[in-house]
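**Student:** After the structure tokens below, expect a handful of questions from me.
Values in this text are rule-based calculations from the coordinates and carry no lab data. Model, not experiment: these values are computed from the prediction. With ideal geometry, Cβ positions are generated from the backbone for all residues, glycine too; neighbour counts draw on all protein chains shown.
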């Protein structure tokens, strides 16, 4: 990914070439289990719990976002986790959302995990059973979510979990039947109804911005918009006198303008789920409510300021299949801010800052 130009991410079905989402391919992806970059310093269960309900968060997405000018960040990944409970997404006061956590990890080109050369463009000859839950370092991953699993089944001593909750999930999903067997069937990972659907994220440059539209085209857009609005509201305003119409115009809110700008910008590529522009153009907000002030974004643990890196668009919700009895996890947009200095704390995963903006009830 570049450092200044806006780049857009789109979901693409991964069923035909699932091997492209394996960690040695350095994928950008939605859902499934995380394809961890570094193997040490993974965030533990306490770091991946929802701050509102206390339940384990599910892996939402990751972006491969290297900084080629930085030898220590030749490989670089950002990992976003989200709580699955709809109640934890209800609009809150001006603060970081408790239901979302994001982590950054980076490696130099020469490291103990990956080849110095780019990954091959052809599928592997064979897939090792259960490899998605194995790390070369020996770190154990949870059977359910693929995160660090410090707990082990006390009967078979082969299945690992991040929490008691996920151990119970796995037991009900099939581990109960295979636990006592001499060969634990880790090559068949059941559906625990916890992971988000898995997709590849395809990155493309934002080729056409509103600022690049010529003056004539802009006039046409405004004319068409005005015509549409006039057609739909003609009967409603026909009987209003000039004084009342003038008063209505003065009450056109900044909220309307911001939301309209959001719609215009995203209408050029309506399927976009990611907007990426590290330390360049900031996020496009969906509402004037709950836009963070500079003081709302805390400095990194190293002392450096944080800068905007990418945002997650509401269009992603259409792909997550999270509706349940009229309730769903929800957001207007999610903005991710990372260390401006891209500090290197060794091989650890560094937590960065998330800001969730909700869709205003007035738009």
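**Student:** Tell me the relative contact order for segment 19-77 as a rounded percent, counting alpha carbon contacts under 8 Å between residues six or more apart.
**Tutor:** Numbers: 64 pairs, mean separation 18.8, N = 59.
So the answer I get is 32 percent.
**Student:** Would you list 358, 165 from fewest to most Cβ contacts within 10 Å?
**Tutor:** Numbers: 358 19, 165 15.
Starting with the residue having the fewest Cβ neighbours, the order is 165, 358.
**Student:** Quick check: pseudo-label points 7 Å beyond the Cα along Cα→Cβ at residue 4 and residue 154, how many nm apart are they?
**Tutor:** Modelled inter-label distance: 6.1 nm.
**Student:** Between residue 340 and residue 117, 0.36 nm times their residue separation minus their Cα-Cα distance comes to what?
**Tutor:** Values: separation 223, 0.36 × 223 = 80.28 nm, distance 2.82 nm.
Length gained between residue 340 and residue 117: 77.5 nm.
**Student:** Further question on the same structure: With a Förster radius of 25 Å, plug the Cβ-Cβ distance of residue 328 and residue 193 into 1/(1 + (r/R0)^6) and report the FRET value to the nearest 0.05. Can you show the working numbers first?
**Tutor:** Numbers: r = 15 Å, r/R0 = 0.61.
So the FRET efficiency works out to roughly 0.95.
**Student:** Still on this structure, please answer the following. Calculated FRET efficiency, residue 164 and residue 207, Cβ-Cβ r, R0 45 Å, to nearest 0.05? Show your work: numbers first, answer last.
**Tutor:** Numbers: r = 49 Å, r/R0 = 1.09.
With R0 = 45 Å, the Cβ-Cβ based efficiency is 0.35.
**Student:** With r defined as the distance between the Cβ atoms of residue 137 and residue 295 and R0 fixed at 45 Å, what FRET efficiency is calculated, to the nearest 0.05?
**Tutor:** Values: r = 39 Å, r/R0 = 0.88.
It comes out at approximately 0.70.
**Student:** Taking the Cβ of each residue in 59, 26 as the centre, tally the other Cβ atoms inside 10 Å and list the residues starting with the fewest.
**Tutor:** Ordered from fewest to most neighbouring Cβ atoms within 10 Å, 59, 26 come out as 26, 59.
**Student:** Sorting 353, 310 on the 10 Å Cβ count, fewest up front, what's the list? Working shown, then result.
**Tutor:** On the way: 353 20, 310 25.
If I rank by nearby Cβ atoms, fewest first, I get 353, 310.
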